[in-house]
């Protein structure tokens, strides 16, 4: 049996996990992400933590396949990071640098793409060859797996599906600077925005008016209770999600669409709500895609990162 | 040197070409597509034509790598055709059937996808690893190449980019049955539709009013001459194309977008017109994609079909 590491590099902590080649997670731990001095300590810290683990556990380095890492920014198929603003990083080959430090081969990818690979391998997309993964959190991120391989993109920004344009006439700007992006409607903050607009546009009473700070969860909870205004907001949300996922599937034609992130906690209700709109918007030949919920939670990135290394170096 | 065949199967003719392994086209010819009796004669005709060529030219079968074929309908990565309405075909494995008839290994793909692979290999996308190909003809078709491999899709309908939704509020139906598809605005017939709407909505004089039957070429020609109404229609067209290509590139992040089909005869004017709108709509990290014109014309399908076989069986 051979082994390897999956690293999920975030803005505040680094999650590191140790796997056997079947994908069983044997250990996991976290270290802080030290972003001072343009994040120059991050890779040495990761390398030192992995080396220390290997020594403590008396692991034979010859049994290590390699290290995979997911990074919060664009990374192309060759391992070149194209700026991670959160970490203070510029443009460099992270795979080569971390490999020189840790002494094992390294493969790198964007964090959302790598999480997609994790869900494809061991989570909600298990058994698929082609899969689209969507995270519905503060923003909307995603990853695309084509015949078992990640779509990294030429500039490392493959599957930036949160920035597909849904509404050319939107007046408020998205965080990315454009107007009318998917993220402005489909993220956890997007659905709250839809709710605020709906509340402002009507006089209708609704328990949502008494929520103080409205959250995505409030809208789903009151929608489930049958509140007409919450149901109307959800309907609009499902319509946006249906067009968004329909467009992505007309392009990618996947076997499954896997939804993760905070909004996906709404569960089956979310999948059932989106489906009829999806069927309306998707090209008929691609309408067979099944919907599933992500199942690995915060571990998706570590699983996917190790899988990247396994595919590249596992032989 | 080894050799092989690329077959571009259309609704009225089958184009067959003979290549060496470097991709030099050594011969090409056509046979009619016999669609009677649910197209059951099509594959035997192709096989017989290839066998006859081999005998006449006294080619050693041991030197043949295989046969690639592009089909006017959905074909998945395993060679399963999922109905070709034009040909009367149902669901079956075309790669296996044609291989049994012709005596060489066969690899199959959708015609637009296969043409994309041709342009990627020897045409407007030469030198790219990731490419999006778009045909702007009667409809809008396309193909996506990811790190040198075609995105076939689970149901064989990968890259049906003409059926991404551009306008949820469209009232007229698309040929696919949906409403508001890219094809309704960006195809050769789509731009004529935009023109008719613009002419109906205004009283302004324009040479387009004296065209009789307006064509895409008329609109580009009069736009180039400075006719204000034609320029306004082109502006709207470029806006639609910019959103469309921006959305596709936010998802795929290619190195190049290659435009083919009738509308692409407008040439550099078309690329220059789309660019500022593309830059407005695309996610910034993917904005580096270059635009190019297709250069293989009607031979793109044969080149791409042979390339499919070469990648699969060329060793």
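Hey, what angle do you get for helix B:268-281 against the long axis of chain B, alpha-carbon based, 0 to 90 degrees rounded to 10?
Compared with the principal axis, the helix lies near 80 degrees.
What would the Debye equation give as log₁₀ I(q)/I(0) for chain A at q = 0.06, 0.10, 0.14 Å⁻¹, counting only Cα atoms as equal point scatterers?
Each listed q maps to, in turn, -0.22, -0.58, -1.03.
Evaluate E = 1/(1 + (r/R0)^6) for residue B:40 and residue A:236, where r is the Cβ-Cβ distance and R0 equals 45 Å; express this FRET efficiency to the nearest 0.05.
0.35
Rounded, prolate or oblate for segment A:228-283? Axes are the square roots of the Cα gyration tensor eigenvalues, ordered a ≥ b ≥ c, and the cut-off for rounded is a/c under 1.5.
oblate
Ranked highest first by average number of other Cβ atoms within 10 Å, how do B:232-244, A:78-90, B:66-78 line up?
Packing order, densest peptide first, comes out as B:66-78, B:232-244, A:78-90.
Compute the FRET efficiency between residue B:168 and residue B:204 as 1/(1 + (r/R0)^6), taking r as their Cβ-Cβ distance and R0 = 30 Å, and round to the nearest 0.05.
E(calc), rounded to 0.05, equals 0.55.
Could you tell me the center-to-center distance, by alpha carbons, between segment B:237-272 and segment A:150-182 in angstrom?
17
So if I take the centroid of the Cα atoms in segment B:17-76 and the same for segment A:17-46, what is the distance between those two points in Å?
Taking the Cα centre of segment A:17-46 as reference, the centre of segment B:17-76 is 54 Å away.
Only Cα pairs within less than 10 Å get springs; with that Gaussian network setup on chain A, which residue of A:288, A:177, A:127 has the largest fluctuation?
A:177
Would you please report the Å³ per residue occupied by the convex hull of the alpha carbon atoms in segment B:128-295?
116
Hey, for residue A:298 with labels 7 Å out along Cα-Cβ, what do the inter-copy distances come to in nm, ordered shortest first?
6.2
Which of A:101, A:43, A:26 moves the most in a Gaussian network model of chain A with Cα springs under 10 Å?
A:26
Per residue, what volume in Å³ does the convex hull of the Cα atoms of the protein assembly as shown enclose?
So the per-residue hull volume is 174 Å³.
What average number of partner chain Cβ atoms lie no more than 10 Å from the Cβ of the residues making up B:10-19?
So the per-residue partner count for this stretch is 0.
When the helix-only estimate is applied to chain A (DSSP H runs of n ≥ 4, each -39,500 (n - 2.57), divided by the residue count), what is the mean residue ellipticity at 222 nm, nearest 500 deg cm²/dmol?
Result for chain A, helices only: -12000 deg cm²/dmol.
Can you sort A:29, B:121 by how many other beta carbons sit within 10 Å, fewest first?
Ascending Cβ contact count within 10 Å gives the list A:29, B:121.
So how far apart, in nm, are the two label points at residue A:279 and residue A:138 if each is 7 Å from Cα heading toward Cβ?
Going from the residue A:279 label point to the residue A:138 one covers 3.7 nm.
Between residue B:197 and residue B:217, what's the calculated FRET efficiency when r is the beta-carbon distance and R0 is 30 Å? Round to 0.05.
For residue B:197 and residue B:217, the calculated efficiency is 0.95.
With a 10 Å Cβ neighbour count serving as the proxy for reagent exposure, in which order, fewest first, do A:53, B:19 appear?
Neighbour counts put them in this order, fewest first: A:53, B:19.
Compute the distance from the alpha-carbon center of segment A:214-236 to that of segment A:97-137, in whole Å.
33
By how many nm would the segment from residue A:224 to residue A:311 grow when fully extended, if each residue of separation counts as 0.36 nm and the alpha-carbon distance is taken off?
Stretched out fully, the residue A:224 to residue A:311 stretch lengthens by 27.0 nm.
Sorting B:218, A:272 on the 10 Å Cβ count, fewest up front, what's the list?
Going from sparsest to densest Cβ surroundings: A:272, B:218.
All of the numbers you see were taken from the coordinates with simple rules; none came from a lab. It should be emphasised that the depicted structure is a prediction, and the values quoted were computed from it without experimental measurement. Note: ideal-geometry Cβ built from the backbone for every residue, glycine included; neighbour counts use all protein chains shown.
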